1. Counting only residues 5 or more places away or on other chains, whose amide H sits under 5 Å from the amide H of Phe61 once H atoms are built in the peptide plane?
2. What percentages, rounded to whole numbers, describe P(r) for segment 74-118 computed over all alpha carbon pairs with 10 Å bin width beginning at zero?
3. Any idea how far the Cα center of segment 161-180 sits from the one of segment 91-127, in Å?
4. With semi-axes √(5λ) of the Cα gyration tensor in Å as the read-out, I listed [x] 29, 19, 14; [y] 32, 15, 14; [z] 32, 18, 17; which label goes with the value calculated from this structure?
5. Using the Karplus curve 6.51 cos²θ - 1.76 cosθ + 1.60 with θ = phi - 60°, work out ³J(HN,Hα) for each residue of segment 39-52 in order, rounded to whole Hz, and write x for Gly and Pro.
6. With the cut-off at 24 Å, tell me which of the pairs Lys114/Lys175; Lys164/Lys197; Lys59/Lys193; Lys26/Lys122 have Cα atoms farther apart than that.
7. Using only alpha carbon positions, build the gyration tensor of segment 8-77, then give the equivalent ellipsoid semi-axes as the square roots of 5 times its eigenvalues, largest first, whole angstrom.
8. Please give the calculated 222 nm ellipticity per residue for the chain, where each DSSP H segment of at least 4 residues contributes -39500 (n - 2.57) and the sum is spread over every residue; nearest 500 deg cm²/dmol?
Amino acid sequence: MSTFSNYYDMILDHVSARVTLTADEKQLFCDALTLRNLLPRQYLLQQGDICRHESFLCKGFLRSFYVDDQGDEHTLHFALEDWWIADLQSFIRQEPATRSIIAMEPVTVLQIEKHTREELLKEVPALERFWRILNENACASQDERILNNITLTGAERYAQLLKKYPSIDQRMPLKHIASYLGITPVFLSQIRKSNLKN
């Protein structure tokens, strides 16, 4: 079986874990997707551009970040295999993106355009439910992250991140992890040294 078809099998497994589609609906869904490959440091989306697609990550690692007026980067999200990523506000409203999304490794994504997705949701009601489930889970995760930022120390947030994503410190540079956690790289270094001693 080709790697190409493996990617489509992967996204169908992802959807089937949440909703049930008929064979015809699966075909409609796959026909709506386009495959795209990125090299490390290649942008999936650049801040200021319109986000035209939602992207399902088949292979690799993506980082979403905001660049402020001083040119400093603030890591907002990251995406691992079997995750979706987009600038949702830009995608839904078709307005300039407030963030960039960049490949940290060689990346393969399956993408769907907004218009295509809207047509698909009309034709396949189960997919409307699928995207609702995705959005509900994303909102719940975002709420949890906001609360953790208020209630947990930097060390506790880092420990929780490693517990949830054990390979994260091999896949994303420490300065980006520190930015994601809302702490300085120096403080993250101190946390890591302290962990090694314990």
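The values are calculated or read from the model by the stated rules, or taken from the named source; none is laboratory data. This structure is a prediction, so every number in the text was calculated from the model and none was measured. Virtual Cβ from ideal backbone geometry, glycine too; neighbours counted across all protein chains shown. All accessible areas refer to the heavy atoms of the entire protein, side chains included, with ligands and DNA or RNA removed. Shrake-Rupley method; radii C 1.70, N 1.55, O 1.52, S 1.80 Å.
1. Those qualifying (amide H under 5 Å, at least 5 residues apart or on another chain) are Met104, Glu105.
2. Whole-percent P(r) values from 0 Å outward: 21, 54, 24, 1.
3. Value for the Cα centre distance between the two parts: 25 Å.
4. Matching entry in [x] 29, 19, 14; [y] 32, 15, 14; [z] 32, 18, 17: [z].
5. 8, x, 6, 8, 7, 7, 8, 10, 3, x, 7, 7, 7, 8
6. On the way: Lys114/Lys175 33 Å; Lys164/Lys197 22 Å; Lys59/Lys193 31 Å; Lys26/Lys122 14 Å.
Too far apart for the 24 Å limit: Lys114/Lys175; Lys59/Lys193.
7. Details: eigenvalues 196, 30, 28 Å².
So the equivalent ellipsoid measures 31, 12, 12 Å along its semi-axes.
8. Dividing the helical sum by the residues of the chain leaves -15500 deg cm²/dmol.
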